[in-house]
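Asker: The structure is given below, and queries will be raised subsequently.
The values are calculated or read from the model by the stated rules, or taken from the named source; none is laboratory data. Note that the structure is a prediction, hence the values are computed from the model and not measured. With ideal geometry, Cβ positions are generated from the backbone for all residues, glycine too; neighbour counts draw on all protein chains shown.
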Amino acid sequence: MIQTHYRRDDFFLPDLGSGQSVFMLVLISELFVLVQVLALPGEILFSWTRLAMLSLFVQWIVLSSSAFLYLVRPFLKNLPIWQSVTISLLGVQIITLILTLLAQMLLAPIHFIPDWQQVNRNLLAALIISAMLLRYFYIKYEVDIQQQVIHNARLDSLQANIRPHFLFNSMNIIASLIQINPEKAEQAVEDLSDLFRASLQHPGQQNQSAVVPIHKEIQISKSYLRIEQKRLGDRLQVDWKICELPQRMTIPPFTVQPLVENAVYHGIQPLEDGGCININIEVNDQMVQISVENPMPYTETISKGNQIALSNIRSRLEMLYGSKASLTTDIKEQSDTKWFIARVQYPCRWDNTIDNLLTGTDDWNNECTDR
């Protein structure tokens, strides 16, 4: 089963319980120890024993402090920033004090006398380093928030470029049907109403996650194609092939529909006899793969409007998934027919925040069925 949940944690202190965080802390602390040993005066010879003992001592402090911050992190999240920082620094100081005294006692168990000068040096070093790390974590947290705001603004801008274009085309279709077939025009208005009700439902959640359930996107695309079929009649045929998909699997909104719209306007509509749009949605190796194929005239090229729509979708995929997502296009000839193919792939993900909107299970299989 695929499990790739994602959610930004709204707290400046990172999760120090992950393997990557622990590895980075151990590496940084070891580099600090190595620099400290190499920085000794020239008359003091380099000692592997000293390096090993100092490394062991510093790692005790680093790992113990990390465990402490990991355990108290849920509690610190509910406190003001200054209180969280104070408790964090105080905890690291107490751990450093205890481990320093324990190390001195182990080195001189019989005649143990605390070396307070060494204790104070260790406490000061721990305070400076921990304060610098907390400051770094906080700055990184602020930068991440700023980048997220810019990211959401760009997504909203790209999304705003799609919706009016889709609305105007749909209204033009309805206008063309009013005089020809009022009943079909009325049905198209109902389909358009249902389509926009689905696409604009729960906008706050959509803006927050920038994704929608994939079955909603499929529903939008099918509603749009029903409207187009009322205008084009038998000239427009659609062949859907959809694998069994989990209810909570997500997709960036208006990803499939613009591809389908391009297939209609730049492929089916210019052809005298029309044609069939093949839409395939499947999951392979934890990647959602979507392909939209349509016949096109031999003289037709990728128009500027088509390029803008494809660039828009490509930009949103890159912002949400980085290099893991892609949108590629291809033109091929098969059986004396020229075909335009658009392929989208992105990592399988679903969002638990939409659980209250959907019912169903995460279990799924890769047996495809024709829809």
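Asker: With a cut-off of at least 1 residues that are at pLDDT 90 or above and under 23 Å from Ile242 (Cβ atoms), name the strands (runs of 3 or more DSSP E) lying wholly within segment 285-371.
Answerer: Per the criteria, 287-296, 326-334, 337-347.
Asker: While we're here: Among the residues of segment 223-241, is there at least one that is in the same structural domain as Leu327 (by TED's automatic domain parsing), surrounded by fewer than 18 Cβ atoms within 10 Å (Cβ to Cβ) and of a type in the set (Ser, Thr, Tyr)?
Answerer: No, that holds for no residue.
Asker: Can you go through Tyr265, Tyr298 and tell me which one is over 20 Å from His215 (Cα atoms) and surrounded by fewer than 15 Cβ atoms within 10 Å (Cβ to Cβ)?
Answerer: The match here is Tyr298.
Asker: Right, next: Identify, please: which residue in segment 14-63 is among the charged types (D, E, K, R) and either over 38 Å from the mean Cα position of the chain (by Cα) or part of a helix (DSSP H, G or I) (or both) and is, among those, modelled with the lowest pLDDT? Step through it out loud before you land on a result.
Answerer: Within segment 14-63, the first condition is being among the charged types (D, E, K, R), and the residues that meet it are 15, 30, 43, 50.
Then drop every residue that is not either over 38 Å from the mean Cα position of the chain (by Cα) or part of a helix (DSSP H, G or I) (or both), which leaves 30, 43, 50.
Values: Glu30: 82, Glu43: 60, Arg50: 72.
My answer is Glu43.
Asker: Another one. List, please: which pairs have Cβ atoms under 6 Å, are six or more places apart or on different chains, and start with a residue in segment 133-154 that is at pLDDT 70 or above and end with one that is in a helix (DSSP H, G or I)?
Answerer: Within 6 Å, the pairs are Leu134/Val85.
Asker: Still on this structure, please answer the following. Take segment 68-96 and flag every residue that is in contact (Cβ under 8 Å) with a residue 24 or more places away in the chain, assigned to a helix (DSSP H, G or I) and surrounded by fewer than 17 Cβ atoms within 10 Å (Cβ to Cβ).
Answerer: Result: Ile81, Leu89.
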